[in-house]
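*Asks:* What follows is a structure written as structure tokens; I'll ask about it next.
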Amino acid sequence: MSATNQLIGDRLREAADLLEQQAANPFRVRAYREAAQTVAGLADELAEIHRRGGVEALEALPAIGPRIAAAIVEMLRTGRFGQLERLRGSLDPERLFRVIPGVGPTLARRIHETLHVDTLEALEVAAHEGRLASVPGISPRRAAALRAALGEMLGRTRVRPRVPAEEPPVLMLLDVDRHYREEAAAGRLPRIAPRRFNPTGEAWLPVLHTERDHWQFTAVFSNTFRAHALERTRDWVVLYFHTGSHPENQRTVVTERSGPLAGKRVVRGREGESLAAYGIPEMSHGTPRASSPARKRAPKTPPSVQNAVRPMKPLAK
């Protein structure tokens with residue numbers, strides 16, 4: 001077996017082991033194990049298979065579906081496996097985004113803080129939805145270049161239509177958020193030790209793997225610079241979700257601090273649907289937006305991570 005195939009197989013196997021340790025769905029665990037076995041038994045290089053037939057050729061291999069094929073392409077193109085890094089607690093989104101041609105440290109930070117995404121797949125979805133335009137310093141021309149670069153890196157052979165990606169309903173996202181916070185407060189979830197903003201190396205970050213209908217979810221508290229700077233690490237919840245046919249995307253759920261949704265949990269970027277979820281009519285002049293934490297100036301260095309588990313309020317009725 002080639003060194004590249006060996007490395008990719010080992011990473012898929014480690015992802016399966018970590019998912020199992022974190023109480024993920026057994027079918028999801030088995031999918032990664034079977035994919036690792038497929039890679040171990042290949043006579044050809046994964047890189048050569050991909051070169052000949054693109055991501056579709058990888059999906060044609062036994063036990064390699066769209067999600068794992070995309071992960072293999074990510075490893076082939078960038079040398080990294082974002083989902084595995086998240087499972088390990090070592091994901092550094094700003095560093096990850098710097099592998100995109102034309103993205104330096106400053107722009108990587110702006111992308112992360114503005115779009116609240118931390119994987120290449122989620123960034124690609126945001127790019128095709130036109131959300132790159134909200135990032136300071138990204139012109140329409142630059143946004144188009146980044147979309148093309150992401151498509152090349154992730155092995156897309158067809159241009160995606162510029163339509164909003166399918167997502168779970170807001171009520172489902174709020175339910176997963178409630179479930180995660182309740183389980184975390186009760187101390188019933190496995191914990192990982194994130195490398196960022198965690199000088200003691202303590203395993204303080206609870207992680208939940210769950211499913212609703214055909215959606216697979218992973219929920220964690222936000223471990224971003226801004227969450228630490230604004231002391232929201234026990235409030236902001238990042239939800240990652242995907243299906244067998246949809247790429248991974250993510251949303252952040254926060255407690256709104258002003259306006260008609262004050263005190264309620266809100267899905268950032270889907271405030272109008274959050275209003276409807278609580279039975280609050282939209283204002284005649286338009287849907288009020290959730291207040292942005294970015295309006296408060298953040299200190300240059302985030303405060304130390306507070307490891308004590310604080311009680312969390314359930315979703316307001």
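*Asks:* Just the residues that are within 15 Å of Ala227 (Cα to Cα) and touching a residue at least 60 places away in the same chain (Cβ under 8 Å), please, taken from the range 115-126.
*Replies:* Listed by number, the residues that qualify are His116, Val117, Asp118.
*Asks:* Taking the conditions exactly as written (over 25 Å from Leu132 (Cβ atoms), crowded, with 20+ Cβ neighbours inside 10 Å and touching a residue at least 60 places away in the same chain (Cβ under 8 Å)), does Leu87 satisfy them or not?
*Replies:* Spelling it out, Leu87 is indeed over 25 Å from Leu132 (Cβ atoms), crowded, with 20+ Cβ neighbours inside 10 Å and touching a residue at least 60 places away in the same chain (Cβ under 8 Å).
Each row is one residue, and each column tells you yes or no for (1) closer than 17 Å to Gly82 by Cα; (2) touching a Lys or Arg at 6+ places or on another chain (Cβ under 7 Å); (3) in contact (Cβ under 8 Å) with a residue 12 or more places away in the chain; (4) not assigned by TED's automatic domain parsing to the domain that holds Val176.
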site	(1), (2), (3), (4)
Ala203	no, yes, yes, no
Pro206	no, yes, yes, no
His209	yes, no, yes, no
Val220	yes, no, yes, no
Asn223	yes, yes, yes, no
His228	no, no, yes, no
Glu231	no, no, yes, no
Leu239	yes, yes, yes, no
His242	yes, yes, yes, no
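*Asks:* Does Leu87 satisfy being within 25 Å of Arg212 (Cα to Cα), part of a helix (DSSP H, G or I) and modelled with pLDDT of 95 or more? Talk me through it step by step, then tell me what you get.
*Replies:* Values: within 25 Å of Arg212 (Cα to Cα): yes; part of a helix (DSSP H, G or I): yes; modelled with pLDDT of 95 or more: no.
Considered against the rule, which asks whether it is within 25 Å of Arg212 (Cα to Cα), part of a helix (DSSP H, G or I) and modelled with pLDDT of 95 or more, Leu87 comes out as no.
*Asks:* Among the residues of the range 128-155, write down those that are touching a Lys or Arg at 6+ places or on another chain (Cβ under 6 Å) and surrounded by 12 or more Cβ atoms within 10 Å (Cβ to Cβ).
*Replies:* Once the filter is applied, which keeps residues that are touching a Lys or Arg at 6+ places or on another chain (Cβ under 6 Å) and surrounded by 12 or more Cβ atoms within 10 Å (Cβ to Cβ), the range 128-155 yields His128, Val135, Met153.
*Asks:* Going by the structure shown, is Val39 farther than 23 Å from Phe217 by Cβ and surrounded by 22 or more Cβ atoms within 10 Å (Cβ to Cβ)?
*Replies:* Details: farther than 23 Å from Phe217 by Cβ: yes; surrounded by 22 or more Cβ atoms within 10 Å (Cβ to Cβ): yes.
Spelling it out, Val39 is indeed farther than 23 Å from Phe217 by Cβ and surrounded by 22 or more Cβ atoms within 10 Å (Cβ to Cβ).
*Asks:* Mind checking which residues of the range 41-84 are assigned to a loop (DSSP other than H, G, I, E, B), in contact with a helix residue (DSSP H, G or I) (Cβ under 6 Å, 6 or more places away or on another chain) and not hydrophobic (A, V, I, L, M, F, W, C)?
*Replies:* Pro62
*Asks:* Does Pro62 satisfy the condition of being surrounded by fewer than 16 Cβ atoms within 10 Å (Cβ to Cβ) and in the same structural domain as Ala127 (by TED's automatic domain parsing)?
*Replies:* For Pro62, the condition - surrounded by fewer than 16 Cβ atoms within 10 Å (Cβ to Cβ) and in the same structural domain as Ala127 (by TED's automatic domain parsing) - is not met.
*Asks:* Take the conditions aliphatic (A, V, I, L, M), assigned to a loop (DSSP other than H, G, I, E, B), surrounded by fewer than 17 Cβ atoms within 10 Å (Cβ to Cβ) and in contact (Cβ under 8 Å) with a residue 60 or more places away in the chain and apply them to Ala23. Does it pass? Let's see the steps before the verdict.
*Replies:* Working: aliphatic (A, V, I, L, M): yes; assigned to a loop (DSSP other than H, G, I, E, B): yes; surrounded by fewer than 17 Cβ atoms within 10 Å (Cβ to Cβ): yes; in contact (Cβ under 8 Å) with a residue 60 or more places away in the chain: yes.
Here the answer is yes, as Ala23 does meet what is asked.
*Asks:* Take the conditions modelled with pLDDT of 95 or more, of a type outside the set (S, T, N, Q), in the same structural domain as Arg251 (by TED's automatic domain parsing) and farther than 23 Å from Glu248 by Cα and apply them to Ala185. Does it pass?
*Replies:* yes
*Asks:* Got a sec? Which of Arg13, Arg30 is surrounded by fewer than 16 Cβ atoms within 10 Å (Cβ to Cβ), in a helix (DSSP H, G or I), at pLDDT 90 or above and not aromatic (Phe, Trp, Tyr)?
*Replies:* Arg30
*Asks:* Can you say whether Ile8 is out of contact with any Lys or Arg (no Cβ under 7 Å at 6 or more places or on another chain), touching a residue at least 60 places away in the same chain (Cβ under 8 Å), on the phi < 0 side of the Ramachandran plot and among the hydrophobic types (A, V, I, L, M, F, W, C), as far as the supplied structure shows?
*Replies:* Working: out of contact with any Lys or Arg (no Cβ under 7 Å at 6 or more places or on another chain): yes; touching a residue at least 60 places away in the same chain (Cβ under 8 Å): yes; on the phi < 0 side of the Ramachandran plot: yes; among the hydrophobic types (A, V, I, L, M, F, W, C): yes.
Yes, satisfied.
*Asks:* Of the residues Phe217, Phe197, Phe221, Phe225, which single one is of a type in the set (A, V, I, L, M, F, W, C) and on the phi > 0 side of the Ramachandran plot?
*Replies:* Working: Phe217 fails: on the phi > 0 side of the Ramachandran plot; Phe221 fails: on the phi > 0 side of the Ramachandran plot; Phe225 fails: on the phi > 0 side of the Ramachandran plot.
Exactly one of Phe217, Phe197, Phe221, Phe225 is of a type in the set (A, V, I, L, M, F, W, C) and on the phi > 0 side of the Ramachandran plot, namely Phe197.
The values are calculated or read from the model by the stated rules, or taken from the named source; none is laboratory data. Quick caveat, the model's predicted, so the values are computed rather than measured. Because the Cβ atoms are built from the backbone with ideal geometry, glycine has one as well, and the counts that use them run over all protein chains shown.
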